[in-house]
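Working notes, beginning with the structure itself.
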Amino acid sequence: MELIRYLKHGRWTSLFGYLLFVGMMATGYYYNLTFVQLGLVDLGERIVGLGQRQVALNMALLAILTCITALAVGWTMKRRGWSSRFLVKLRLAAAVVLVQTALTVAVTAVETETDFRAWIIVASLALGVGVPATFSLTVDLIPVRDRGYAAALITAIAYFVAATFSGSWRIEAFRTQALLIMVPGALAVLALAFIPFPFLKTLARQHERPAFYQGRYLSRDPQTGSLRLRRSILGLIVLMFGIYFVDSLGFLRLLDTPVYMNTAWQSPEVGIRAFIGATHVVTALIAGVLYSTMGERQLFLWIFGIFALTHFMYVFALRFPLTGNDAGTLVEPMLYATAVSLYTVVNFAIWADISTPRTISVNTAVGVALSGWTATFISTALALQWQEQGVSLVDHLNLVDALAILFFLGLLLLIYLQPRSETAYEVKNR
Amino acid sequence: MIAFQKSPRPFRRLCLSLSLLLILFVAGCAADQPGRLGGTLILEGEHTIAAGERLPGALLITEGSLLVAPGATLAGPLYMLSGDLDLQGEIAGDLNVLGGQVSLGPSARVAGDLNHGGGELALDPAATITGEVVEGTGGMSLPGLEEVERSPLEEAIRFLLEPLLLALAGYFLARFLPGPLSRVAAAAAEQPVVAGAFGLLVLIVIPALLIMIAFTMILLPLSLLGLLFGFFVVAYGWIAIGNRLGRWLGQGLQRLGWRERPLSRPWATFAGTLLLMFLLQMLEWIPIAGFALFVLTVALGAGAVLLTRFGWRRYVPQPVALPPADEL
């Protein structure tokens, strides 16, 4: 593990960059998980007084605007060469953190639907810039060999804090928690971005080193010498977008179901929240190790398989509820946390691993925007439509489960049809 | 990428088989034909067993409704997962209620036990239950899995006998299948993080899958087989860890001058497994940390067994082509 080697050999600059990236991304993801995804729903419904449908439409607006902004910014960054310029990306990230901190402070001023919508538009612009700018820093700060481990740390920290300390899903609570982290964080990032510390020059040149430059899923064409993306990974990535959609579609309904609230993040019992948080930590670390050592096909099989099983168990629990067995009800959230941690780790690591410093901004924008935001947008719209059509909870989850199983089958088929690429070991022993 | 020396064909075949199995499974789920399949599974619809009729074998109700009229008999056992059951007649075996709505009328008679784990149960005071009435999911526990109170002597015998039996198994495994065992041991000793992580993932997911399979009733034997298979994997993993532990033990004894030559492989495995098992049993005395260590040991062994495919392939921890480590 490169992190330990940096520590052992006293490579403090690289170590600082590594930890800076993990800290920034974990904070950003935590903010997105709690304040944006959960806090805004509370703000819209309780403070502004909007109906569920109105809030969902505004959330969909947030998703689609973020997606468009991210794509535009990612493309611009690539075109202008900012994608491989560390300081530019750091300054963009600092500006985003500053805007988000200001938005978090100003959220108490939101009282009407117009305020709410204006807040959402500014937030989506900030998020749209933030996605390509911060994810692009991976190629500067995290060596290829450690991308799985760094993603695991980010996921573990963000989910543990979000799950354990989010008992109250009220915007005020999320605001206080977020500001506690964001105010000192924003000051530190601003200082780093605009004060010319000498060590930043070292960090800015790291992406040129072989250990950082070429993502693991790129290979050099023997004839042209150019870097090419391995075809086998493309199909898997497309299927992964589907998993995001399925996850979001199921989560939206589970979130509103009282029977599941006691065994989720909003449980009043801190023990249950800590259990879910600990599951996220353990499974994120497992995912980090497996991402670094396991083939992508096996890894994706595990992710898709666990997703299908999880949704199947939710449907089963709904159809055949058992009484007098409270511990049994934690099986579903445990599996859910496992599946989510696994694919989140992959999502944090994979975009840098299909990119070079020149292409990372646009690849990240396409990947995160499509997987994170478009999937949310479509699933929100579909969930609303189903709700309006009076689709029952069990039917909703049945459909989600059927989709999850379908994606698992699709993956099996893809693996069967696609020739497997040789491992480094096989190439060496050919 | 997990690097194996053989061709990818078996993996492809596995994928195809899994696909076909899942297709069959999904097709089965989609079947919405009302009625009984095989005479013992009620999926949907309204059914009546009239007076004088007798339904042989077990009965599983997953949806729909069933009326057992006075004078009708079910051979039993009956498993109620969902739907409605109006029992006015007799069940010769157990009645297991996991879900749905069950009503036992005044003429109802259950010759076996009434296990009530879930769902709604309306019991007429005149209804006859010959066996026991067990409330809660304890009533659904699999035979042989209950907590057994042991005397101190029995406990002591267990403390000595279980490690001894596993150590003996380890001795024979090392003697007759030394190659596979040493490959598993190598994976556990040289790649503990990867083996442990993989083993933990398996420990989180597979038990849930087996429970799920068990609830289908039809696949209960498969679930039990999976459970046995799991025990085998864990035991094999422990023996492999014992093998490496015994080797280190032998080397230690040699270094201390207590032995001239290292222990032979079977005896090293025997001694190492025995030591490991005693240590694992002693971990039970340490709360939380002991349990965590126990789980990690199980995960390490199981992960190593599965990564090496029971020791038939060497696990090479070389992922897809990676750039060199950073220059320091």
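The values are calculated or read from the model by the stated rules, or taken from the named source; none is laboratory data. The structure presented is a predicted model; accordingly, all values stated were derived computationally and were not measured. Here Cβ is always computed from backbone atoms with ideal geometry, including for glycine, and neighbour counts include all displayed protein chains.
Against the criterion of being at the interface with another protein chain (Cβ under 9 Å from one of its Cβ atoms), at pLDDT 85 or above and more than 21 Å from A:G288 (Cα to Cα), A:L322 does not qualify. Checking each residue of segment A:184-202 against the condition of being within 13 Å of chain B (Cβ to nearest Cβ) and either more than 19 Å from the chain's Cα centre (by Cα) or hydrophobic (A, V, I, L, M, F, W, C) (or both) gives at least one match. Which one of these is within 14 Å of chain A (Cβ to nearest Cβ) and either in contact (Cβ under 8 Å) with a residue 24 or more places away in the chain or out of contact with any Cys (no Cβ under 6 Å at 6 or more places or on another chain) (or both): B:L228, B:L300, B:L276? Unique residue meeting the criteria: B:L300.
Residue under question is A:F86, and the condition is that it be buried (at least 20 other Cβ atoms within 10 Å of the Cβ) and either among the charged types (D, E, K, R) or under 23 Å from A:E208 (Cβ atoms) (or both); does it hold? Walk me through it before giving the result.
Working: buried (at least 20 other Cβ atoms within 10 Å of the Cβ): yes; either among the charged types (D, E, K, R) or under 23 Å from A:E208 (Cβ atoms) (or both): yes.
In short, yes.
Once segment A:268-294 is narrowed to residues that are surrounded by fewer than 21 Cβ atoms within 10 Å (Cβ to Cβ) and among the small types (G, A, S), the residue that is nearest to the other protein chains (Cβ to nearest Cβ) is A:A278. Of the residues making up segment A:147-155, not a single one is surrounded by fewer than 21 Cβ atoms within 10 Å (Cβ to Cβ), part of a helix (DSSP H, G or I) and not basic (K, R). Scanning segment A:121-137 for residues that are farther than 16 Å from A:N58 by Cα, among the polar types (S, T, N, Q) and assigned to a helix (DSSP H, G or I) returns a single hit, A:T134.
Under the condition of being within 19 Å of B:V97 (Cβ to Cβ) and of a type outside the set (A, V, I, L, M), which residue from segment B:47-63 is modelled with the highest pLDDT? Let's see the steps before the verdict.
The first filter runs over segment B:47-63 and keeps only residues within 19 Å of B:V97 (Cβ to Cβ), leaving B:47, B:49, B:55, B:57-63.
With the extra rule that they be of a type outside the set (A, V, I, L, M), the set shrinks to B:47, B:57, B:62-63.
Details: B:H47: 83, B:G57: 72, B:T62: 72, B:E63: 73.
Restricting to residues being within 19 Å of B:V97 (Cβ to Cβ) and of a type outside the set (A, V, I, L, M), the top hit is B:H47.
Scanning segment B:117-146 for residues that are modelled with pLDDT under 80, of a type in the set (A, V, I, L, M), surrounded by fewer than 14 Cβ atoms within 10 Å (Cβ to Cβ) and out of contact with any helix residue (DSSP H, G or I) (no Cβ under 9 Å at 6 or more places or on another chain) yields one hit, B:L145.
Taking segment B:156-267 as the region of interest, the helices (runs of 4 or more DSSP H) fully inside it that hold 1 or more residues being crowded, with 20+ Cβ neighbours inside 10 Å and under 19 Å from the mean Cα position of the chain (by Cα) are B:192-215, B:220-255.
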